[in-house]
Amino acid sequence: MPTISDRLREQREALGLSQQVLADRCGIAARSQRNYESGERLPDAAYLAAIAAEGADVLYILTGSHDGPAPVVLTAEEQTMLTYFRDASKELRKAALGVLLSGTSSRGISQAKSAGAVQITGTDSAGRKVTVNTGGRTVAQTINAPVVGNVSGGSVSIKNKVKNNR
């Protein structure tokens, strides 16, 4: 079974770096790098953080396992929602979560169910009326931020202008 020093050398080679180059990038002497790879010394936390910044898999170096948590891959729609959620006020986040989690009205949000449509209506930062139709149910919402982006399979309506995203 490969040791920490074996896995460290393997990761350095996978990065295509010499011992000297990796040592320089990690702020250590080349002798220390050789000691780590020969098993004479174990690397400290500062070195492991530095090698991780270079692209090495530190979990693998330490445990021999690549079984970390699977990376989360978001769709474009999910990324847009997350961006707006992070930029929203605490109150708006709470209201949005209330609608998504419970399907009931939540502080300033009125919701009506209808077959085949979700509609979010409110005003953008310029005071224009904004309506978003996405499918499933209807939700009325005041939006206190610029409204941009696309709605997959629905439409975005600002005043009397409608942009269909089908």
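Some points to look at:
Residue-by-condition table, conditions (1) open to solvent by 50 Å² or more (accessible area, probe 1.4 Å); (2) within 15 Å of T3 (Cβ to Cβ):
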site: G27; (1), (2): yes, no
site: D44; (1), (2): yes, no
site: A50; (1), (2): no, no
site: E54; (1), (2): yes, no
site: T63; (1), (2): yes, yes
site: H66; (1), (2): yes, no
site: V73; (1), (2): yes, no
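- Of the criteria (1) within 24 Å of the chain's Cα centre (by Cα); (2) outside any helix (DSSP H, G or I); (3) modelled with pLDDT under 85, which one S65 fails: (3)
- Residues of the stretch 2-44 classified as at pLDDT 95 or above, of a type in the set (G, A, S) and closer than 19 Å to S65 by Cβ, total: 1
The values are calculated or read from the model by the stated rules, or taken from the named source; none is laboratory data. As the structure is a prediction and not an experimental result, all values here were calculated from the model. Positions of Cβ are generated from backbone atoms using ideal geometry, with glycine treated the same way; all protein chains shown enter the neighbour counts. All accessible areas refer to the heavy atoms of the entire protein, side chains included, with ligands and DNA or RNA removed. Shrake-Rupley method; radii C 1.70, N 1.55, O 1.52, S 1.80 Å.
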